[in-house]
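Below: the structure, in structure tokens.
The values are calculated or read from the model by the stated rules, or taken from the named source; none is laboratory data. Just so you know, these numbers come straight off a predicted model, no measurement behind them. Here the Cβ is made from the backbone with ideal geometry for all residues, glycine too, and neighbour counts use every protein chain on show.
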Amino acid sequence: MFPKFLPKLTQNLTEATSISLSKKIDRQPIQTPLISQPIATTFVRQGRGSIPILLLHGFDSSLLEYRRLFPLLAAPNETIAVDLLGFGFTERLPGLKISPKAISTHIYCFWKTIINRPIILVGASMGGAAAIDFTLKYPETVAKLILIDPAGATGGPS
């Protein structure tokens, strides 16, 4: 059974790994300084281990990006995949501006609420850029940083 908060279209998934991971998605209200109300944040958490692995997906994607890798990592490790602010199934609140800084702040508040100990941070594509920003801003939260084909933008040409 899919969680009730997921869109009805989720029932049209056909790939076994997508179906399996979708059925495990949880949602937690995360309080941030970005907006007065909590942000309903979607994630999957499974496994046990000493240092949790946090997976950040790429642009225009969701935690389902890790549907094949997640079960392999979660077998011997505590593994968490989260939908970034403005993406996936995480709530999009009116009036909340999405920016790299907002994404980093949201990840920190998620980390503080759900994990609250050093992590192995994995970012793919835009998730890699978010992982770099997060690690630079909150170095005490990241034990190791792993980038998979990271992408991002700078201030532009001079």
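For segment 1-16, the tally of residues that are part of a loop (DSSP other than H, G, I, E, B) and closer than 16 Å to residue 87 by Cα stands at 3. Reported count of residues in segment 51-87, each being free of Cβ contacts under 8 Å to residues at least 12 places away in the same chain and outside any helix (DSSP H, G or I), is 0. Scanning segment 88-115 for residues that are part of a loop (DSSP other than H, G, I, E, B) and in contact (Cβ under 8 Å) with a residue 40 or more places away in the chain gives 88, 89, 90, 91, 93, 95, 96. Apart from one condition, residue 26 fits all of (1) within 12 Å of residue 89 (Cβ to Cβ); (2) surrounded by 15 or more Cβ atoms within 10 Å (Cβ to Cβ); (3) at pLDDT 95 or above; the exception is (2). Could you please find all residues in segment 49-82 being among the charged types (D, E, K, R), surrounded by fewer than 17 Cβ atoms within 10 Å (Cβ to Cβ) and at pLDDT 95 or above? If the condition is that a residue be among the charged types (D, E, K, R), surrounded by fewer than 17 Cβ atoms within 10 Å (Cβ to Cβ) and at pLDDT 95 or above, then 68 is the only one that fits.
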